[in-house]
Amino acid sequence: MATKNDSKTIEINEEENAVACSKSGLIESSGLGKSAKQVQNKKTSAVGKNSASYWASRIYKPVNSRGEESPHYSFQVQFKARRGSFSTGTGNKDGAAKIAASIYHDLLTTGWDATMEKHRPKKMVVPVGSSVIATVGEWIDAAKKISEANDTTFNCYACSLRKIVGDILSVKKSKKRFGPRGGGASKYRDKINAASLDVLTPAAVQKWRLAYVKLGATPAEERSRMTSCNSTIRQARSLFSSKIVELLPELRLPEPAPFHKTKFFPRQSSKYFSRIDPKQIIQQAREELYETDSPVFIAMLLALSSGLRRGEIDSLQWRQIDFKKKLIRVESTDAADLKTVDSRGEVPIDSVTADILQDFFKRRDGAFVISGAGASSGPQSWGRKYRANSVFVRVVDWLRDHGVDSQKPLHELRKELGALATAAHGIYGASRLLRHSNIATTEAHYTDLKNRPVVEIGAWLMPPNKKPLTDF
């Protein structure tokens, strides 16, 4: 690394020092002069290149001509007769494997040129004592390379940050931004990405909070917006955690930092109160959908009988169902990762549900339980892509037509199972079944009604002859 005192700039020479390679950058394999001190590839069977497990044994820390080992993991990849090496920009092995899988996914979907444009490091020239505040896009791009959050979670953080900044700046919204083929979404994000983080002043965030809640047309909607507002701020604030900030010294934040000491609305009650008849709904679903639209019926059955989330239903494969033991193994697969580590588990199912699923298994037309959908799923810049999204659209439409008018009809079935399990087996049993990370999450949503605290006040009104009160 050479320092020019006269221009007060720091230049990183990629050829001289591979250690200083920029995060998530492309390094042409022919010009680095790496030593042979690299981890030998170990072939892993039954794992695709878009899986982090595939790259776990293939990443390595390159060593330059002076014998200096890079602090960051790299990996080599060959795609369409072209070979190159990428730096993952992190020294965390698990995180590096996930980044490698993500970069390979970019190669598959966008090709070499677009992937190089996205991940190739540019020659860094950082002015000493620069006072330029980072833009929204610069911070998101840099944070993504060092964050340990999975891609879907990180993209939700980024969306929340863009939501707040876009509203503060009154960025014009139109339905065109939901048209990816026309580039509407990317154009909308680009406007926000170019904004400086200094727009996130405490006063601006406070005004946004109040304005967001006031958009509620009713008291109930305002309370719902308070919860959404708190969640949006927490997600956006996660991008400025101390773990991320300390690893990005080259980017400057405004003072105070975004969301510093931001206030939150009082926590609203999240207790679940059942307003539907789950027994009637699943019986109607069997009558109307068992043969005519089996993917929709199976999705609802899985949500109500085992409490699977949408993403877990979307990626569930037949090999994860043990018909003999009558359970479903929720685990990371080549198709998708889990929401959290605690989401992994074995979910028991009743005998009849197992028999119904086995009947569909005998007529299966692929590896996935939900058939008739696309083959790919995973994180996107706006959140997550579901391979069975068309199926879920039909699920929502059917449930709404049958009286389930909640914001997330399919998830309502999971909540119904939670209420039923709590009543039958108590909070701890429901918590294990729903695979919550801790018992507090279950307690916040469900009331243990195993022993209902009812005082028979009505009995005091019964006359001595025990005739019904209406006979007075």
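Coordinate-derived values only; no laboratory data. Not measured: the values here are computed from a predicted model. Here Cβ is always computed from backbone atoms with ideal geometry, including for glycine, and neighbour counts include all displayed protein chains.
Among the trypsin sites (Lys or Arg not before Pro) in the range 208-301, those placed in a DSSP loop whose Cβ has at most 13 other Cβ atoms within 10 Å are 261, 263, 267, 271, 275. Classify the range 278-445 from the C-alpha gyration tensor, please: rounded if a/c falls under 1.5, else prolate or oblate depending on whether a/b exceeds b/c. Judged from the Cα gyration tensor, the range 278-445 comes out rounded (a/c under 1.5). Residues whose amide H comes within less than 5 Å of that of residue 252, counting only those at least five positions distant or on another chain, are 134 (H built at 1.01 Å from N in the peptide plane). Applying 1/(1 + (r/R0)^6) with R0 = 25 Å to the Cβ-Cβ distance of residue 352 and residue 432 gives a FRET efficiency near 0.70. If r is the Cβ-Cβ distance from residue 271 to residue 344 and R0 is 30 Å, what FRET efficiency results, to the nearest 0.05? The pair residue 271/residue 344 has a calculated efficiency of 0.65. Taken along the Cα-to-beta-carbon direction at a fixed 7 Å, the label points for residue 405 and residue 206 span 3.8 nm.
In terms of the Cα gyration tensor, with a ≥ b ≥ c the square roots of its eigenvalues, is the range 136-245 rounded because a/c is under 1.5, prolate because a/b exceeds b/c, or oblate? Taking the square roots of the gyration eigenvalues as a ≥ b ≥ c, the range 136-245 is oblate.
Label positions at residue 362 and residue 255, each projected 7 Å from the Cα along the C-beta direction, are separated by 7.4 nm. Taking the fewest neighbouring Cβ atoms within 10 Å as the starting point, the ordered list for 47, 347, 393, 369 is 393, 47, 347, 369. In this structure, residue 214 and residue 49 have a Cβ-Cβ separation that, at R0 = 35 Å, corresponds to a calculated FRET efficiency of about 0.10.
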